[in-house]
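Engineer: Starting off with a structure, shown below.
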Amino acid sequence: MASVGAVIPPLKDRPMKGVIYLFDVDETLTPARLHASPEMLTLLSTIRQRVAIGYVGGSDLSKQQEQLGTPSIPVQSLFDYCFPENGLTAFRMGVPLESANFISWLGEEKYKKFVRFCLRYIADLADEIPIVRGTFIEFRNGMVNVSPVGRNASTEERKEFTKFDDEHHVREKFVKALREEFPDFGLTYSIGGQISFDVFPTGWDKTYCLRHVENDQNLPDGVDYHEIHFFGDKTSKGGNDYEIYEDSRTIGHNVKGPEDTMAQLKEIFKL
């Protein structure tokens with residue numbers, strides 16, 4: 001098998017030219033918020049010899065570097081396309097592509113109203129949920145991530161909250177309250193991962209990255225991608241993989257975790 005960091009053919013010279021495989025990150029390439037296994041990275045390097053690969057995730061580049069890269073290897077060198085924040089920030093072969101900004105789109109006054117409502121709602125939740133940590137609202141370039149328990153929760157605390165949320169639907173109720181409070185803000189709410197949900201302008205879900213894929217053919221060394229595969233675990237309605245999984249431009253693959261992703265890839269590529 002090809003090793004991580006092996007010499008990669010140019011995109012236009014891949015044996016399966018015009019085909020790209022895109023992957024969600026948490027619970028698709030990695031356990032939630034943890035690092036990808038050496039086996040996963042080696043497998044991705046192997047299929048990259050034959051086909052273009054990329055990832056698309058809601059987190060920013062620094063978090064994806066922690067999960068997919070290493071201290072000496074930038075994540076941008078391990079994937080042909082990197083789409084942090086659903087593609088609002090994007091890289092092609094390590095080179096940045098055009099980006100977009102959530103606050104510029106929404107406006108500062110509306111953003112402050114939204115944040116104030118979230119903080120008050122979370123404060124009222126504090127007596128109900130089992131644990132409360134920190135970083136309840138995380139601003140990203142293309143979205144806001146809201147966590148009732150706080151993103152500073154440990155792995156075990158995340159599991160504890162997930163169990164509580166499965167029973168009491170904390171995030172689902174939170175999203176319902178936001179939709180009722182801000183019906184005219186043009187926002188979409190997507191529950192994903194273990195402890196949070198994403199908020200972004202309607203249309204800025206994971207399908208946003210597809211505009212970069214479709215535009216690739218217009219670049220000097222671009223490729224016309226006629227076949228786009230997407231692998232994700234939150235593919236049911238309301239999950240943060242649903243829109244891109246169901247998009248008519250993609251071939252969707254539902255996975256139950258990183259081990260399942262590897263099994264499906266090995267079957268597809270006969271490895």
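The values are calculated or read from the model by the stated rules, or taken from the named source; none is laboratory data. As the structure is a prediction and not an experimental result, all values here were calculated from the model. Positions of Cβ are backbone-derived with ideal geometry, glycine not excepted, and every protein chain shown enters the neighbour counts.
Engineer: One residue is enough: does region 42-49 have a residue meeting the conditions at pLDDT 95 or above, assigned to a loop (DSSP other than H, G, I, E, B) and in contact with a Lys or Arg (Cβ under 9 Å, 6 or more places away or on another chain)?
Structural biologist: First, the residues of region 42-49 that are at pLDDT 95 or above: 42-49.
In the following step, the residues that additionally are assigned to a loop (DSSP other than H, G, I, E, B) were identified as 49.
Narrowing the set further to residues that are in contact with a Lys or Arg (Cβ under 9 Å, 6 or more places away or on another chain) leaves 49.
Checked region 42-49: at least one residue is at pLDDT 95 or above, assigned to a loop (DSSP other than H, G, I, E, B) and in contact with a Lys or Arg (Cβ under 9 Å, 6 or more places away or on another chain).
Engineer: I'd like the full set of residues that are part of a helix (DSSP H, G or I) and under 16 Å from the mean Cα position of the chain (by Cα), limited to region 223-271. Give the steps one after another, and end with the answer.
Structural biologist: To start, the set of residues in region 223-271 that are part of a helix (DSSP H, G or I) comprises 242-246, 258-269.
Those that are part of a helix (DSSP H, G or I) and under 16 Å from the mean Cα position of the chain (by Cα): Tyr242, Glu243, Ile244, Tyr245, Glu246, Pro258, Thr261.
Engineer: May I pose another question? Collect the residues in region 185-203 that are assigned to a loop (DSSP other than H, G, I, E, B) and either surrounded by fewer than 22 Cβ atoms within 10 Å (Cβ to Cβ) or at pLDDT below 90 (or both), keeping them in residue-number order.
Structural biologist: Residues of region 185-203 that are assigned to a loop (DSSP other than H, G, I, E, B), as a first pass: 185-186, 193-195, 202-203.
Of everything in region 185-203, those that are assigned to a loop (DSSP other than H, G, I, E, B) and either surrounded by fewer than 22 Cβ atoms within 10 Å (Cβ to Cβ) or at pLDDT below 90 (or both) turn out to be Phe185, Gly186, Gly193, Gln194, Thr202, Gly203.
Engineer: Taking Asp60 as the residue in question, decide whether it is crowded, with 18+ Cβ neighbours inside 10 Å and either more than 30 Å from Phe197 (Cα to Cα) or touching a Pro at 6+ places or on another chain (Cβ under 6 Å) (or both). If you could, list the steps in order and put the result at the bottom.
Structural biologist: Working: crowded, with 18+ Cβ neighbours inside 10 Å: yes; either more than 30 Å from Phe197 (Cα to Cα) or touching a Pro at 6+ places or on another chain (Cβ under 6 Å) (or both): yes.
Yes; evaluated as a whole, the condition is true for this residue.
Engineer: Tyr189 is checked against (1) under 24 Å from Gly18 (Cα atoms); (2) within 19 Å of the chain's Cα centre (by Cα); (3) among the hydroxyl-bearing types (Ser, Thr, Tyr) and fails just one. What number does that condition carry?
Structural biologist: It is condition (1) that Tyr189 fails.
Engineer: May I ask you to verify whether Glu156 is outside the structural domain of Leu22 (by TED's automatic domain parsing) and over 26 Å from Phe91 (Cβ atoms)?
Structural biologist: Details: outside the structural domain of Leu22 (by TED's automatic domain parsing): yes; over 26 Å from Phe91 (Cβ atoms): yes.
So Glu156 fits the description; yes.
Engineer: Follow-up. Tyr121 fails exactly one of the following numbered conditions: (1) at pLDDT below 95; (2) over 24 Å from Gly222 (Cβ atoms); (3) hydroxyl-bearing (Ser, Thr, Tyr). What is the number of that condition?
Structural biologist: All conditions pass for Tyr121, except number (1).
Okay, residues lined up against (1) in a helix (DSSP H, G or I); (2) surrounded by 12 or more Cβ atoms within 10 Å (Cβ to Cβ):
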position	(1), (2)
Ile131	no, yes
Asp165	yes, yes
Leu178	yes, yes
Cys209	yes, yes
Gln217	yes, yes
Asp221	no, no
